[in-house]
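The values are calculated or read from the model by the stated rules, or taken from the named source; none is laboratory data. Nothing here was measured: the structure is a model prediction, and the numbers come from that model. Neighbour counts run over all protein chains shown; Cβ positions are idealised from the backbone, glycine included. Heads up: the accessible areas ignore ligands, DNA and RNA and are worked out on the full protein's heavy atoms, side chains in. Shrake-Rupley method; radii C 1.70, N 1.55, O 1.52, S 1.80 Å.
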Amino acid sequence: MKRHPLILIAATVVATLAGVHTFGCGAARSARSLAAEKVYVPPGELDKYYGFLSGGQSGSVFVVGVPSGRLIREIPVFEPRAAYGYAMLETDARRQLLESTGGLWGDTHHPVLSEKNGLFDGEYLWINDLANGRLARVRLDYFEADRIIKIPNLQGAHGIAVVSPDTKYIVVNGEFEQPTDGLVTNPAPYTSVVAFVDPEAMEMKFEVRVNGNIDIADTSKDGHYSFSTVYNLEQGRDMGSMIQYDRDAVAAIDIPAAEKAIAAGKGDVRNGVPILDPEKSEGVLTLIPVPKNPHGVNVTPDGRYAIAAGKLSPTVTIIDAHTLKIVAEPEVGLGPLHTTFDNRGNAFTSLFLDSQVVKWNIDKAVTGTSDYIVDRINVHYNIGHLQAVGGDSMHPYGDYLLALNKLSKDQYVPVGPDLPENQEIIDISGEKMKLLASFPTPPEPHDATFIAASVLKPLVHQTYTPSADAVQAGHESVVRTGPHAVSVDMTLIRSAYTPDAFEVREGDQVTMKITNVETIRDMIHGFALPDHNLNIALPPGYTKTVTFDAGKPGVYWFYCTNFCSALHLEMRGRMVVQPKASTVTLTDWHAAENVKGQLVPGVPSTGDKR
Ligand SMILES: [Cu+2]
């Protein structure tokens, strides 16, 4: 059969187009493959970095692996969380601490890591609660918040920073201005304070008064200055009056000068904390005028410059971190918020309005060279913080950067009117930035910091060392300690509670000390007690004491909430609450059960030692 020439031409065109199409797809696929390869961590292999993301109004810290973006852990901080060992009931010590210092929730913003010689040493992480003026410390050997304190004389604990290079203090900025003398009856001007906290004792050392709203913090790498951005020098009480001035400030506090003034007794003590008034203590505070309602301030890894982001000005202000003089004010784009660094002299600034990360060369910007902008990359969308791995230390790694975006529209399958927050991982190892991957997290990360897995992983404990008061296996007991009080010492090991039954009476206060006597990593057992608002998780070696009301007469099965073995479902036991007038004892119950053959032979209850 002879083909019509037009058909041949058409077939050739189709084939050619198909070829082009295939080629285009291949290029896209290969770019995708390269990006995927950079973030793919095969099952069984570990991430290169731990990432600590603030949990925002979740009140927690999220731990993600980088580069995979996998959510590895949540560390509850300003919240009681049964899943991670904290009982929910009102008498729980953790819950009481939270309630007495502000509430059962927090607004965490800025995770900062402890430093030794300017390097992250993996000992502690601190995180603020903006809403309730608190600071918490997380022990990284257990990934557990061990101290929470309320910062006096301060509202809106916003920016925090570690005083480099050896974590001398934790700096906490008070964002919400207060009557200077603390009295609402006095129309004195509102001011704020920068607080300096002893990181080991978690105690207040001193505060420095600053006019305006104190926002984000960093410190010079030699520990001489703390830097805080300050907006609303107008001292306005509403948004319109807060944005009148073209320049607000970076507040530089001379830490040795402040220490000297405190030692000389120049602080006015309020709520047990000496507050320095800079007007009475010369040389403590320097206000460096920067545009306009500035937000982030970040010190370069070499300690030469503090860089303030203009927020309402398209500029960053580069301040000499030793002389406190402004050396340059380059334009970077719209809505600059925060800056981070690689190990090749580049800065990366987040641009909220442009939805971009801009990479710029620090030396070129300082010397006024016109091509200081190196690259720009779009992010999705409206980036807040950003952090390069190690960019907040003296030794950035220079390979990955995390963009923490406020909006994630069209990035994930929709989940109702509220969409998850979006983190994007960007490859910064080359001249051009490359977007590699995104991952969602619960609300709402504000900031992040990273530590190499090679540094932290060896420091993480496998089990808890049993405390001196831990219940020993074989020494469990049920003891009546008063007319309306019973103490139960209990141990847990796969897959049984000892005792697995105990009896109390209506009206009793029951105090349970429970020890998980497992010695194997990850062998967690739970203790949930229905209708008593009680569920705790006990990692291996952990002891927890809880006190609760026995409640209404009845049989309550406590059970294990953490899957532990093939006999996990069988891991349960009873609290029998007798009516006040009852004369039946648990021994009687067991006798009755034995008659019916319901008690497992060889597993006698130790629960009736009364
Ligand atoms: Cu269990």
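Taking the residues in the range 497-531 that are acidic (Asp, Glu), touching a residue at least 40 places away in the same chain (Cβ under 8 Å) and within 15 Å of the ligand (Cβ to nearest atom) as candidates, determine which candidate is least open to solvent (accessible area, probe 1.4 Å). So that I can check it myself, show each step before the final result.
At the first step, the residues of the range 497-531 found to be acidic (Asp, Glu) are 500, 503, 506, 508, 518, 522, 531.
From the residues that got through so far, the ones that are touching a residue at least 40 places away in the same chain (Cβ under 8 Å) too are 500, 503, 506, 508, 518.
Add one more test, that the residue is within 15 Å of the ligand (Cβ to nearest atom), and what stays is 500, 518.
Values: Asp500: 43, Glu518: 8 Å².
Checking each candidate, the answer is Glu518.
Counting just the residues of the range 547-560 that are assigned to a strand (DSSP E or B) and more than 23 Å from Thr519 (Cβ to Cβ), which one comes out most open to solvent (accessible area, probe 1.4 Å)? First the steps, then the outcome.
If we filter the range 547-560 for residues that are assigned to a strand (DSSP E or B), which is where we start, we get 547-549, 554-559.
With the extra rule that they be more than 23 Å from Thr519 (Cβ to Cβ), the set shrinks to 547-549, 554-557.
On the way: Thr547: 42, Phe548: 11, Asp549: 79, Gly554: 25, Val555: 63, Tyr556: 28, Trp557: 109 Å².
So, considering only residues that are assigned to a strand (DSSP E or B) and more than 23 Å from Thr519 (Cβ to Cβ), the one most open to solvent (accessible area, probe 1.4 Å) is Trp557.
Kindly list, by first and then second residue, each pair from a residue in the range 323-349 that is within 16 Å of Thr449 (Cβ to Cβ) to a residue that is of a type in the set (Lys, Arg), limited to pairs with Cβ atoms under 8 Å and residues at least 6 apart or on different chains.
Qualifying pairs under 8 Å: Phe348/Lys359.
Check Leu435, Leu404 and return the single one that is touching a Pro at 6+ places or on another chain (Cβ under 7 Å), in contact (Cβ under 8 Å) with a residue 12 or more places away in the chain and in a strand (DSSP E or B).
Only one candidate passes the filter, namely Leu404.
On the basis of being within 10 Å of the ligand (Cβ to nearest atom), more than 22 Å from Met88 (Cα to Cα) and open to solvent by less than 50 Å² (accessible area, probe 1.4 Å), does Ser582 make the cut? Let's see the steps before the verdict.
Working: within 10 Å of the ligand (Cβ to nearest atom): no; more than 22 Å from Met88 (Cα to Cα): yes; open to solvent by less than 50 Å² (accessible area, probe 1.4 Å): yes.
Spelling it out, it is not the case that Ser582 is within 10 Å of the ligand (Cβ to nearest atom), more than 22 Å from Met88 (Cα to Cα) and open to solvent by less than 50 Å² (accessible area, probe 1.4 Å).
Regarding Asp489, is this residue under 30 Å from Phe348 (Cβ atoms) and touching a residue at least 24 places away in the same chain (Cβ under 8 Å)?
Values: under 30 Å from Phe348 (Cβ atoms): no; touching a residue at least 24 places away in the same chain (Cβ under 8 Å): yes.
So Asp489 does not fit the description; no.
Show me the strands (runs of 3 or more DSSP E) entirely contained within the range 126-205 in which 1 or more residues are basic (Lys, Arg) and under 23 Å from Ser114 (Cβ atoms).
Values: elements: 134-139, 144-150, 155-162, 170-176, 190-198.
It comes to 134-139, 144-150.
Please go through (1) assigned to a loop (DSSP other than H, G, I, E, B); (2) in contact with a strand residue (DSSP E or B) (Cβ under 9 Å, 6 or more places away or on another chain); (3) at pLDDT 95 or above for Gly303 and return the number of the only condition it doesn't satisfy.
Of everything listed in (1) assigned to a loop (DSSP other than H, G, I, E, B); (2) in contact with a strand residue (DSSP E or B) (Cβ under 9 Å, 6 or more places away or on another chain); (3) at pLDDT 95 or above, Gly303 misses just condition (2).
Can you report the number of residues in the range 207-230 which are in contact with a helix residue (DSSP H, G or I) (Cβ under 7 Å, 6 or more places away or on another chain), part of a strand (DSSP E or B) and open to solvent by 10 Å² or more (accessible area, probe 1.4 Å)?
Within the range 207-230, the first condition is being in contact with a helix residue (DSSP H, G or I) (Cβ under 7 Å, 6 or more places away or on another chain), and the residues that meet it are 208, 223-226.
Narrowing the set further to residues that are part of a strand (DSSP E or B) leaves 208, 225-226.
Now narrow it down to the ones that are open to solvent by 10 Å² or more (accessible area, probe 1.4 Å): 225.
Summing the residues that are in contact with a helix residue (DSSP H, G or I) (Cβ under 7 Å, 6 or more places away or on another chain), part of a strand (DSSP E or B) and open to solvent by 10 Å² or more (accessible area, probe 1.4 Å) in the range 207-230 gives 1.
Give the range 328-348 a look and list any residue that's among the polar types (S, T, N, Q) and open to solvent by 10 Å² or more (accessible area, probe 1.4 Å), or say none. Working first, answer last.
We begin by selecting, within the range 328-348, every residue among the polar types (S, T, N, Q); these are 339-340, 343, 346.
Result: Asn343, Asn346.
Identify, by number, the condition in (1) open to solvent by 20 Å² or more (accessible area, probe 1.4 Å); (2) more than 16 Å from the ligand (Cβ to nearest atom) that Val576 doesn't meet.
Of (1) open to solvent by 20 Å² or more (accessible area, probe 1.4 Å); (2) more than 16 Å from the ligand (Cβ to nearest atom), only one is false for Val576: (1).
Looking only at the range 253-310, which residues are of a type in the set (Gly, Ala, Ser), within 30 Å of Gly335 (Cα to Cα) and surrounded by fewer than 23 Cβ atoms within 10 Å (Cβ to Cβ)?
To start, the set of residues in the range 253-310 that are of a type in the set (Gly, Ala, Ser) comprises 257-258, 261, 263-265, 267, 272, 281, 283, 296, 303, 306, 308-310.
Filter once more, keeping what is within 30 Å of Gly335 (Cα to Cα): 296, 303, 306, 308-310.
Listed by number, the list holds a single entry, Gly303.
Can you confirm whether Trp105 is farther than 30 Å from Phe548 by Cβ and either modelled with pLDDT of 95 or more or open to solvent by 20 Å² or more (accessible area, probe 1.4 Å) (or both)? Spell out the reasoning first.
Numbers: farther than 30 Å from Phe548 by Cβ: no; either modelled with pLDDT of 95 or more or open to solvent by 20 Å² or more (accessible area, probe 1.4 Å) (or both): yes.
In short, no.
Being charged (D, E, K, R) and within 16 Å of the ligand (Cβ to nearest atom) is the filter here; which residues of the range 532-570 pass it?
Initial filter on the range 532-570 (charged (D, E, K, R)): 544, 549, 552, 570.
Answer for the range 532-570, where residues must be charged (D, E, K, R) and within 16 Å of the ligand (Cβ to nearest atom): Lys544, Glu570.
Only one of Thr498, Thr491, Thr519, Thr561 is out of contact with any Leu (no Cβ under 6 Å at 6 or more places or on another chain), polar (S, T, N, Q) and closer than 23 Å to Arg95 by Cβ; which? Break it down stepwise before answering.
Details: Thr498 fails: closer than 23 Å to Arg95 by Cβ; Thr491 fails: closer than 23 Å to Arg95 by Cβ; Thr519 fails: closer than 23 Å to Arg95 by Cβ.
Being out of contact with any Leu (no Cβ under 6 Å at 6 or more places or on another chain), polar (S, T, N, Q) and closer than 23 Å to Arg95 by Cβ holds for just one of Thr498, Thr491, Thr519, Thr561, which is Thr561.
Of all residues in the range 532-546, which are farther than 20 Å from Gln462 by Cβ and either of a type in the set (Asp, Glu) or open to solvent by less than 30 Å² (accessible area, probe 1.4 Å) (or both)? Walk me through it before giving the result.
Here is the first cut: in the range 532-546, the residues farther than 20 Å from Gln462 by Cβ are 532-536, 545-546.
Residues satisfying the conditions are His532, Leu534, Ile536, Val546.
In the range 472-496, how many are within 16 Å of the ligand (Cβ to nearest atom) and open to solvent by 40 Å² or more (accessible area, probe 1.4 Å)?
Number satisfying all stated conditions: 4.
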